[in-house]
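Working notes for the structure below.
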Amino acid sequence: MTLHSLIFTPLLGLSLLFFAWSLYRRLSLVALGQSNQSFVGFGTGLREMLVNAFGQKRVVRKWFGVNHLLIFWSFLALLLVNGEFVVSGVFPSLRLGLLPDALYLPLRAVSDVMSGVALVAIAVALVRRTLFPPYAGARNLESYAILILIALHMLAYLGISASEIALGEERAAGVMPLAKLFALGLLGSDAAAAHDLYWWLHAAALLAFIVVLIPFTKHLHVFTAIANCFLRSEGPAHVPAPEIFSEGNLFGAGRVDRFSTKDLLDTYACTACGRCQNVCPANLTGKPLNPRLMLKQLQRNLLANGGELKRGGEAGLPLIGEAEKGSVAEEAIWACTSCGACMEACPVFVEHLPKLVAMRRHLVEMEARFPEELLTFFENAEQRSNPWGMAPADRGKWSAQLGERDFETGKSEVLFFVGCAGSFDTRAKQVSVAVATILDAAGISWGMLGKDELCCGDSLRRLGNEFVFDKLARQNVELFKARGVKKIVTACPHCFSTLKNDYRQYGLEIEVQHHTELIASLLEEGRIKPRQAVETGKLLFHDSCYLGRHNDTYQAPRAALAAVTGSAPGEFERNRESAFCCGAGGGRMWLEEVSGERINRTRVAEALEQSPDTLCVSCPYCMTMVNDGLNDLEATEVRLRDVAEVVAEALV
């Protein structure tokens, strides 16, 4: 055994023991979470892990993600030589050099090239983080330490290889151009001393990763992000897990162990890349919600309280509180619009929205603590099944000019689920008429529930009032089944998403279509034919978050507009998966914005930069918010229309 081995072996052993203890201490806290989230299954999870963790598919959606891909795959390519370093550090005679040339030479060639690739990528990352940081605060000691240590690790590997070449001990020198170039600098010097220096530099870098960087920094994500992709939640991530309402149960998350195990794993899987905060409408308009920092606070809370909670004690640090590290401010919790932009942007399937809904549930159902303006909304929704407290008998009045249109079991082909806005909101009622006009033009037998229709409960659920949502959902599902409903069409993406996704938790398995999907298919099949091209001037289409990101429906409204106007609609700068929210989702429709810039004004200002003549939407909430934004910015000359209204005009 060499002197290197005598010193390195106990250091490695102690480091690995400390590493194992540190990981156990942190990751065992994930088990404190609730097992109320279902896993996609082994096969799907394995595919997600291979494609997104190892293949980095979601990482490279942003141009700089390619740089991360190069660093990641450099590490993978160097696993064998790093493994050799560890093994030979303990048992010097066990080296990769024992392999035949057919295996050894390609291995050394790849390792040489990839170490150079990694160094270049690290240099690029350092320049970018210094000159063009991804977010304010990205220039921090932790990030620089990780990058510099990776660079030292690669330089040390090249130094070892170069000194072995200089000493004539490396038979693969001919296929290692980078190390060979490095070796030229060692000619005429003490190559043996250089070898010892680089060997111990490599050892120090490796041990630093094991003891410090992986267990105690964001670099832990090299393990947890892979696990997070494998353990991706089943079904749409924006659909909260149901609650069981029985005496003695706790609701929501008022303590960190009330989150699901996936929620707690998310806090360790976060790479701190900042992509979520860079697309969050609340964060971008000056609200106190920052998705990245929220995850950091949850992790701090878990680490601060986890030990005591494991012993059956109480949490000392509150989960929901103001201005404390490890607590999430109430104003931040209520700022979320549930647009899903954060989850769409996250490269490793961190799910931010369920955590915010869980904390809202605790505040609403356990403490009755919520913004004052929600009191009226909650009362109206529970007592009269609509946000405005209108008489249920008035739900069908919008259709007076169309005649009786009650849904008839066995006769009506489609149930038109009008929704609260489509039934009561003055502007949205015009869209309901347009949808009905299109259904009639297509010869579709349709009906509505009228006074029997109840609110779908979307806003209630996202605001944390799961009890009332649960009640409405059960009543609606029972009604649909009793009436023999086979297909539902709705003009509201919030109703559409709730009926299609959330109601599956209540056994509803029927076809649900958004009106733009139906209209696009009717136009494509020739069941409705435009009599004239609609003149809209320069038209921009705004993507609804609940139609687009939450349900991956982007083409249908565009196809419908193109068919009746003669040209594809123009796009906002931020569109499709990257579309900016109108500000009404997550129940924010019923709340005032008390801090920062109004989200709807920001979205409308983005549109006005292109001087449009018409803005087109596919959601009653978007209609209200964009209309308010146009008025606030004194752009009342810009027309605002729903897709259905434009298509209905083409049929006249």
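The values are calculated or read from the model by the stated rules, or taken from the named source; none is laboratory data. Small disclaimer: the values here were computed from a predicted structure and weren't measured. All Cβ positions, glycine included, derive from the backbone under ideal geometry; neighbour counts span all protein chains shown. The protein model used for the area step is the full one, side chains on, heavy atoms only, and it has no ligands, DNA or RNA in it. Shrake-Rupley method; radii C 1.70, N 1.55, O 1.52, S 1.80 Å.
For the range 405-505, the solvent-accessible area works out to 32 Å² per residue, with a probe of 1.4 Å and every protein chain left in place. Solvent-accessible surface of the range 1-115, taken per residue with a 1.4 Å probe and all protein chains present: 56 Å².
Put 68, 221 in order of accessible area, highest first, and with a 1.4 Å probe you get 68, 221.
Taking amide H atoms as placed 1.01 Å from N in the peptide plane, the amide H of residue 328 lies under 5 Å from those of 320, 321, each 5 or more residues away in sequence or on another chain. Our coupling estimate for the range 75-88, obtained by passing each phi through the Karplus curve with A = 6.51, B = -1.76, C = 1.60 and θ = phi - 60°, is 4, 4, 5, 9, 4, 5, 5, 5, x, 4, 4, 5, 5, 5 Hz, Gly and Pro reported as x. Evaluated with a Cβ-only charge set (Lys, Arg +1; Asp, Glu -1), the range 286-368 carries a dipole of roughly 300 debye about its Cα centre, given to the nearest 20. Near residue 333: Cβ cut-off under 10 Å, other residues only, Lys/Arg at +1 and Asp/Glu at -1. The net charge is 0. Among 324-330, 129-135, sorting by the average number of other beta carbon atoms lying within 10 angstrom of each residue, highest first, gives 324-330, 129-135. The charge dipole of the chain, taken about its Cα centre with unit charges on the Cβ of Lys, Arg, Asp and Glu (plus for the first two, minus for the last two), comes to roughly 920 debye.
All other residues whose Cβ lies under 11 angstrom from that of residue 603 are scored, Lys and Arg at +1 and Asp and Glu at -1, for a net of -2.
For the range 146-273, the solvent-accessible area with a 1.4 angstrom probe is 40 square angstrom per residue. Taking the 1.4 Å solvent-accessible surface of the chain as the whole, the part contributed by carbon and sulfur is 59%. Using a probe of 1.4 Å on the protein chains alone, the accessible area found for residue 398 is around 20 Å². Between 0 and 90 degrees, the angle of helix 374-384 with respect to the longest Cα principal axis of the chain falls at about 50 degrees. Going by alpha carbons, how many degrees (0 to 90, nearest 10) lie between the helix axis of 555-565 and the longest principal axis of the chain? It is inclined by approximately 50 degrees.
Overall, the anisotropy analysis places the range 464-512 in the oblate class: the square-rooted eigenvalues a ≥ b ≥ c of its C-alpha gyration tensor yield a/c not less than 1.5, with a/b not exceeding b/c. The string of couplings for the range 600-613 from the Karplus curve (6.51, -1.76, 1.60, θ = phi - 60°) is 5, 5, 4, 5, 5, 4, 4, 5, 5, 4, 9, 6, x, 8 Hz, one whole number per residue in order, with x for Gly and Pro. With contributions of -39500 (n - 2.57) from each DSSP H run of at least four residues, the per-residue ellipticity at 222 nm computed over the chain stands at -15500 deg cm²/dmol.
Under a 5 Å amide H cut-off, with hydrogens placed 1.01 Å from N, residue 640 pairs with 615 among residues at least 5 apart or on other chains.
Would you work out which of 116, 98, 67 lies farthest towards the positive end of the dipole of the range 1-118? Charges go on Cβ: Lys and Arg +1, Asp and Glu -1. My answer, from the dipole projection, is 67.
For residue 39, the residues whose amide H sits under 5 Å from its own are 234, ignoring neighbours fewer than 5 places away on the same chain, with H placed 1.01 Å from N. Working from Cα pairs under 8 Å separated by at least six residues, relative contact order for the chain is 12 percent. Other residues with beta-carbon under 12 Å from the beta-carbon of residue 618 carry, at +1 per Lys or Arg and -1 per Asp or Glu, a net charge of -2. Rounded to the nearest Hz, the phi-derived 3J(HN,Hα) couplings of the range 53-61 under the Karplus curve 6.51 cos²θ - 1.76 cosθ + 1.60 (θ = phi - 60°) are 7, 7, x, 6, 4, 6, 5, 7, 5, where x marks glycine and proline.
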